[in-house]
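Working notes for the structure below.
The values are calculated or read from the model by the stated rules, or taken from the named source; none is laboratory data. Note that the structure is predicted; figures quoted are calculated from it, not measured. All Cβ positions, even for glycine, are placed from backbone atoms using ideal geometry, and neighbour counts span all protein chains on display. Keep in mind that these areas ignore ligands, DNA and RNA; they rest on the heavy atoms of the full protein, side chains included. Shrake-Rupley method; radii C 1.70, N 1.55, O 1.52, S 1.80 Å.
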Amino acid sequence: MSKTVSAYAAPTAWGSDAPLTKTTIERRDVGPHDVAFDIKFAGICHSDIHTVAAEWGRPNFPVVPGHEIAGVVTEVGSEVTRYKVGDHVGVGCFIDSCRECENCEAGLQQYCTGDYGMHGTYNSTERDGSPTYGGYSTAIVVDENYVLRIPDSIPLDKAAPLLCAGITLYSPLRNWNAGPGKEIAVVGLGGLGHMGVKIAHAMGAHVTVLSQSLKKMEDGLRLGADEYYATSDPDTFTKLRNRFDLILNTVSANLNLGAYLRLLKVDGTLVELGMPEHAMEVPPMPLAGMRRSLSGSMIGGIPETQEMLDFCAEKGITPEIEVIEASYVNEAYQRVLASDVRYRFVIDASTI
């Protein structure tokens, strides 16, 4: 039977006078291929705020955000083979895709091109057309093919942010072959950026942080950065010209792309991971002058996300988190916007 669970939702466009509020939602019956689990922790991603604030278009309210979800299996469908009751599992940014297109068959479900498309963990629909609701809730039901196994060595509170922040950085680092002998720059030391530093360092790359100021320099070096520069200092862009194989931009601000592109070596790539609200201007000369590339990347597919979790377990990588009660979520949003978190808020779902 379907189950009524507690949740925090945005009933309308979020703002100081329109907060997320406590409510209840319905979770579907457990089908033959479904996994039901109690949510223990849910990370707060900046994407949650962009969505509920209607900055990426008007969502389908009410919205229950949250796509960094970790919990414990309570029930499995009759044909489930991958999981059992008691397993530690997680769900990331999507809960379904067409399963038939070239990208889905290659394990790149995040780039599904089928008619059904990739269906987000929230602000999307299930196959029956009912709305999807995210991790700011106490339980969820997901098809086993879109559930991740969380290694025992990763605590559930620290596992949650890996399901978006972790894979968002792991995927481009892996795709562009970060490793020994590679010069990697991470723009911004926030929820995404700090994971990029940790993962790139663990892969053996030489890691540089490019941040607006030096106020987080001590943290950056502690987390694994080899060098740290302030982008507010014009000399930074002179000192580091033609330096990097790969630049990962984790901030959602509109950067002076020409200045950052000039920091790349021949055949270097700047990858956009943050999502600015406005279109970016791309100057052609810095691209053509050194055969540089401007690219983007979006989370990762199910196989790569599982690979990332296993890699983090092997290397002892976990995010820096601040666990909060659910009633604090609106204040947490304001602090995220003020860059006042080091480095990821995680909701304790037992407080919902």
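Results for (1) among the acidic types (D, E); (2) modelled with pLDDT under 95; (3) open to solvent by less than 10 Å² (accessible area, probe 1.4 Å), shown as yes or no for each residue.
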{"site": "E218", "(1), (2), (3)": "yes, no, no"}
{"site": "D226", "(1), (2), (3)": "yes, no, no"}
{"site": "D233", "(1), (2), (3)": "yes, no, no"}
{"site": "R241", "(1), (2), (3)": "no, no, no"}
{"site": "F244", "(1), (2), (3)": "no, no, yes"}
{"site": "V251", "(1), (2), (3)": "no, yes, no"}
{"site": "Y260", "(1), (2), (3)": "no, no, no"}
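If only one of G86, G135, G129, G114 is modelled with pLDDT under 95 and not basic (K, R), which one is it? Give the derivation first.
On the way: G86 fails: modelled with pLDDT under 95; G135 fails: modelled with pLDDT under 95; G114 fails: modelled with pLDDT under 95.
Sole residue among the options that is modelled with pLDDT under 95 and not basic (K, R): G129.
Do you know which residues across region 272-300 are over 26 Å from A54 (Cα atoms) and among the small types (G, A, S)?
A288, G289, S293
Which of the residues belonging to region 50-77 are within 22 Å of P155 (Cβ to Cβ), open to solvent by 10 Å² or more (accessible area, probe 1.4 Å) and outside any loop (DSSP other than H, G, I, E, B)?
V72, T74
Here are I184, I199: which of them is under 16 Å from the mean Cα position of the chain (by Cα) and at pLDDT 95 or above?
I199
Among the residues of region 94-103, is any assigned to a helix (DSSP H, G or I) and in the same structural domain as D152 (by the TED database)?
yes
This table checks each residue for (1) farther than 24 Å from Y83 by Cβ; (2) surrounded by 19 or more Cβ atoms within 10 Å (Cβ to Cβ); (3) of a type outside the set (A, V, I, L, M); (4) touching a strand residue (DSSP E or B) at 6+ places or on another chain (Cβ under 6 Å).
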| position | (1), (2), (3), (4) |
| --- | --- |
| G296 | yes, no, yes, yes |
| C312 | no, yes, yes, no |
| G316 | yes, no, yes, no |
| I324 | yes, no, no, yes |
| E331 | yes, no, yes, no |
| D340 | yes, no, yes, no |
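Out of all the residues in region 275-285, is one or more in contact (Cβ under 8 Å) with a residue 12 or more places away in the chain and crowded, with 18+ Cβ neighbours inside 10 Å?
Looking through region 275-285, none of the residues is in contact (Cβ under 8 Å) with a residue 12 or more places away in the chain and crowded, with 18+ Cβ neighbours inside 10 Å.
Taking only region 24-49 into account, find how many residues are buried (at least 18 other Cβ atoms within 10 Å of the Cβ) and not aliphatic (A, V, I, L, M).
Qualifying residue count, region 24-49: 10.
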